[in-house]
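Student: Next up is a structure, given as structure tokens.
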Amino acid sequence: MNAPLRMGVVGVGHLGRHHARLLNTIDGAVLAGVADISRERAEAAAAVAPQARVVTDARELLDHVDAVTIAVPTVDHLTVARPFLERGIHVLVEKPMAASLAEANEMASLASASGAMLAVGHTERFNPAIALALPSLQTPRFIEVHRLSGFPERSTDIDVIFDLMIHDLDIILAVDRSPVAAVEAIGVPVLTPKIDICNARIRFESGAIANITASRIHRDKMRKVRFFQPDMYVSVDYGAQELEVWRLRPRPGERPVIEGGAVPVTKDEPLGRELKDFVAAIREGRAPLVTGADGLRALTLATQVAEAVTASAWPVQA
């Protein structure tokens, strides 16, 4: 492919406006269209690319783009993605992939039928610190995650499980590919009718255990994951993009020693890396790093966590 890919962005609110900004900088791509229900918002996002078509109905982009990224509210993912997938236009949809497993499966079926590429925006997979750590994670036995943030200004139309925790569920599923054996969870709605803080304990058939806490009601931010496997400890600070690796080195005839420390990380914007991968995957005819199948697997586990929260809920007193 010699001509640049014509890229569209649908939904340019909190996150989508960054899609437009970054897509306009990627070699081999051109921002060809921006769609948003607010024309003023769409025009502001498209200002980085004077050639971009600005519309309030995403379907008006169908004849003018080769691929789109979708950053509308989760409840609208399938509705917005459907006409593009049916036309064979490649789609990257923000996480969570869809509002339900049934909708996610329909999106996957549409992509398969038309041959369109379907990618899911799990940006932490593109975090430079995580990308550097993953090759070392072969047999983790225990994984501990804390993803804590203040109450967001953006819309909270979904539980914290699907809003924040799903990032870490995707990372854990990328590390341990064995089936999930059991899920226990507790969650509490604090500032909204949705679950605002949740803790989940997930056991895999491999024997690995993951303990994950996600909250959007903390004063202090924390986004860290720690992996413990035989003879190795790996710690990643998502926000700071910092990585530490510690190993146990045996010494014949002597006590083993612990060696390691901070590993140099070349910092970069994960969303930019994600969009570059999407463009490159289309141009090279390969699968994206995070496929529709990956998005569906993360959504399935998030749904299991949500169901476990419901099962563990205290009865409401009359």
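The values are calculated or read from the model by the stated rules, or taken from the named source; none is laboratory data. These numbers come from a predicted model, not from an experiment. Glycine also receives a Cβ, built like all others from the backbone with ideal geometry; neighbour counts cover every protein chain displayed.
Student: For the structure I just gave you, tell me whether Gly187 is touching a Ser or Thr at 6+ places or on another chain (Cβ under 9 Å) and part of a strand (DSSP E or B).
Tutor: yes
Student: Evaluate the range 51-70: report whether one residue or more is at negative phi, at pLDDT below 95 and in the same structural domain as Ala280 (by TED's automatic domain parsing).
Tutor: Taking every residue of the range 51-70 in turn, at least one turns out to be at negative phi, at pLDDT below 95 and in the same structural domain as Ala280 (by TED's automatic domain parsing).
Student: Take Arg141 and decide whether it is crowded, with 19+ Cβ neighbours inside 10 Å and under 30 Å from Asp231 (Cβ atoms).
Tutor: Spelling it out, it is not the case that Arg141 is crowded, with 19+ Cβ neighbours inside 10 Å and under 30 Å from Asp231 (Cβ atoms).
Student: Same structure, new question: Which of the numbered conditions does Glu153 fail, given that it passes all the others? Conditions: (1) at pLDDT 95 or above; (2) within 25 Å of Ile70 (Cβ to Cβ); (3) over 18 Å from the mean Cα position of the chain (by Cα).
Tutor: The single condition Glu153 does not satisfy is (1).
Student: Just give me the residues in the range 214-234 being buried (at least 19 other Cβ atoms within 10 Å of the Cβ) and not basic (Lys, Arg), in sequence order.
Tutor: Ala214, Ser215, Val225, Phe227, Val234
Student: Determine, yes or no, whether Arg286 is assigned by TED's automatic domain parsing to the domain that holds Val91 and not aromatic (Phe, Trp, Tyr).
Tutor: yes
Student: Pairs please, first residue from the range 115-134 and closer than 13 Å to Ala293 by Cα, second anywhere and buried (at least 24 other Cβ atoms within 10 Å of the Cβ) and of a type in the set (S, T, N, Q), Cβ atoms under 9 Å, 6+ apart in sequence or on different chains.
Tutor: Ala119/Thr69; Gly121/Thr69
Student: (1) surrounded by fewer than 24 Cβ atoms within 10 Å (Cβ to Cβ); (2) under 30 Å from Leu248 (Cβ atoms); (3) modelled with pLDDT of 95 or more: which one isn't true of Ser136, the others all being true?
Tutor: Failing condition for Ser136: (3).
Student: Has the range 25-44 got at least one residue that is modelled with pLDDT under 95 and among the hydrophobic types (A, V, I, L, M, F, W, C)?
Tutor: Checked against the condition, which is being modelled with pLDDT under 95 and among the hydrophobic types (A, V, I, L, M, F, W, C), the range 25-44 yields no hits at all.
Student: For Arg286, indicate whether it is among the basic types (Lys, Arg) and under 30 Å from Asp196 (Cβ atoms).
Tutor: No.
Student: Could you check, for the range 3-22, whether at least one of its residues is among the basic types (Lys, Arg), crowded, with 20+ Cβ neighbours inside 10 Å, closer than 19 Å to Leu271 by Cβ and free of Cβ contacts under 8 Å to residues at least 40 places away in the same chain?
Tutor: Looking through the range 3-22, at least one residue is among the basic types (Lys, Arg), crowded, with 20+ Cβ neighbours inside 10 Å, closer than 19 Å to Leu271 by Cβ and free of Cβ contacts under 8 Å to residues at least 40 places away in the same chain.
Student: Let me ask another. Looking at the range 304-318, which of the residues that are of a type in the set (A, V, I, L, M, F, W, C) and not in a helix (DSSP H, G or I) is farthest from the chain's Cα centre (by Cα)?
Tutor: Within the range 304-318, the match that is farthest from the chain's Cα centre (by Cα) is Ala318.
Student: Based on what the data block shows, is Asp36 acidic (Asp, Glu), free of Cβ contacts under 8 Å to residues at least 12 places away in the same chain and more than 17 Å from Asp277 (Cβ to Cβ)?
Tutor: No; evaluated as a whole, the condition is false for this residue.
Student: For the range 156-185, how many residues meet the condition of being of a type in the set (Asp, Glu), modelled with pLDDT of 95 or more and out of contact with any Phe, Trp or Tyr (no Cβ under 8 Å at 6 or more places or on another chain)?
Tutor: Going through the range 156-185 one residue at a time, the tally reaches 3.
Student: Let me ask you something else. Counting only residues that are assigned to a helix (DSSP H, G or I) and among the aliphatic types (A, V, I, L, M), which one in the range 110-132 is nearest to Ala240 (Cα to Cα)?
Tutor: Taking the candidates together, the pick is Ala129.
Student: Quick check on my filter: what residues within the range 144-185 are surrounded by 19 or more Cβ atoms within 10 Å (Cβ to Cβ), farther than 15 Å from Gly295 by Cα and in contact with an Asp or Glu (Cβ under 7 Å, 6 or more places away or on another chain)?
Tutor: Val145, Arg147, Val160
Student: Here is a follow-up. For a quick check of your reading: which helices (runs of 4 or more DSSP H) sit entirely within the range 1-96 and have at least 1 residues that are touching a Gly at 6+ places or on another chain (Cβ under 9 Å) and among the β-branched types (Val, Ile, Thr)?
Tutor: 77-86
Student: Another question, if that's okay. Out of the strands (runs of 3 or more DSSP E) lying entirely within the range 214-303, which hold 2 or more residues that are touching a residue at least 40 places away in the same chain (Cβ under 8 Å) and β-branched (Val, Ile, Thr)?
Tutor: It comes to 232-237.
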